[in-house]
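Written below as structure tokens is the structure these notes are about.
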Amino acid sequence: MLFSPQIAPSDVENLRDQGVKSILCCRPDDEQPGQPSFKAIEQAAQEAGLKAYFVPVVPGVYGPDDVSALREVLAQAEAPVLAYCGSGKRAQDFCACVNQA
């Protein structure tokens with residue numbers, strides 16, 4: 001599992017070329033002005049032959065439904081998976097909670 005701050009649609013092809021197979025967005029749309037929407041990332045991923053998944057969470061607030069959704073995504077996503085959010089920390093913390101639950 002890889003972690004990253006916010007990515008742009010223009011980053012996706014390079015991520016694929018670096019070996020990433022799946023992208024996981026842990027950030028809600030419109031969290032910050034100017035951030036790319038998940039749909040824009042998903043479209044770029046599809047064009048690059050990658051899968052994109054959306055499990056948006058608020059930092060530090062991961063309920064049972066969130067953890068369940070993340071488990072489901074991780075069970076089906078082809079590795080390596082790049083998980084991102086605003087800074088990368090939320091994505092890393094959120095994915096770590098799956099191992100603890």
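Any read-out appearing in this document is the output of simple, stated calculations on the displayed coordinates, not a laboratory observation. Just so it is clear, the structure is predicted and the values come from calculations on it, not from any experiment. Virtual Cβ from ideal backbone geometry, glycine too; neighbours counted across all protein chains shown.
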Residue pairs, Cβ under 8 Å, 6 or more apart or interchain, first in the range 39-58 and free of Cβ contacts under 8 Å to residues at least 60 places away in the same chain, second outside any loop (DSSP other than H, G, I, E, B) and hydroxyl-bearing (Ser, Thr, Tyr). List them.
ALA44/SER10; LEU50/SER22; LYS51/SER22; ALA52/SER22; TYR53/SER22
Cβ pairs under 9 Å, 6+ apart or interchain, first in the range 63-78 and without any contact (Cβ under 8 Å) to a residue 60 or more places away in the chain, second of a type in the set (Lys, Arg) and surrounded by 10 or more Cβ atoms within 10 Å (Cβ to Cβ), ordered by first then second residue, are GLN76/LYS51; ALA77/LYS21; ALA77/LYS51; GLU78/LYS21; GLU78/LYS51
For the range 40-53, name all the residues that are out of contact with any strand residue (DSSP E or B) (no Cβ under 7 Å at 6 or more places or on another chain) and surrounded by 13 or more Cβ atoms within 10 Å (Cβ to Cβ).
ALA40, GLN43, ALA44, ALA48
Kindly indicate the residue of the range 89-101 that is small (Gly, Ala, Ser) and in a helix (DSSP H, G or I) and also surrounded by the most Cβ atoms within 10 Å (Cβ to Cβ) among those meeting that condition.
ALA91
Can we say GLY49 is in contact with a helix residue (DSSP H, G or I) (Cβ under 8 Å, 6 or more places away or on another chain), on the phi > 0 side of the Ramachandran plot and not in a helix (DSSP H, G or I)?
yes
Across the range 54-88, which residue is farthest from ASP29 (Cα to Cα) among those that are among the acidic types (Asp, Glu) and in a helix (DSSP H, G or I)?
GLU72
Among the residues of the range 15-39, which ones are surrounded by 17 or more Cβ atoms within 10 Å (Cβ to Cβ) and either under 13 Å from the mean Cα position of the chain (by Cα) or small (Gly, Ala, Ser) (or both)?
LEU15, VAL20, SER22, ILE23, LEU24, CYS25, CYS26, ARG27, PRO36, PHE38
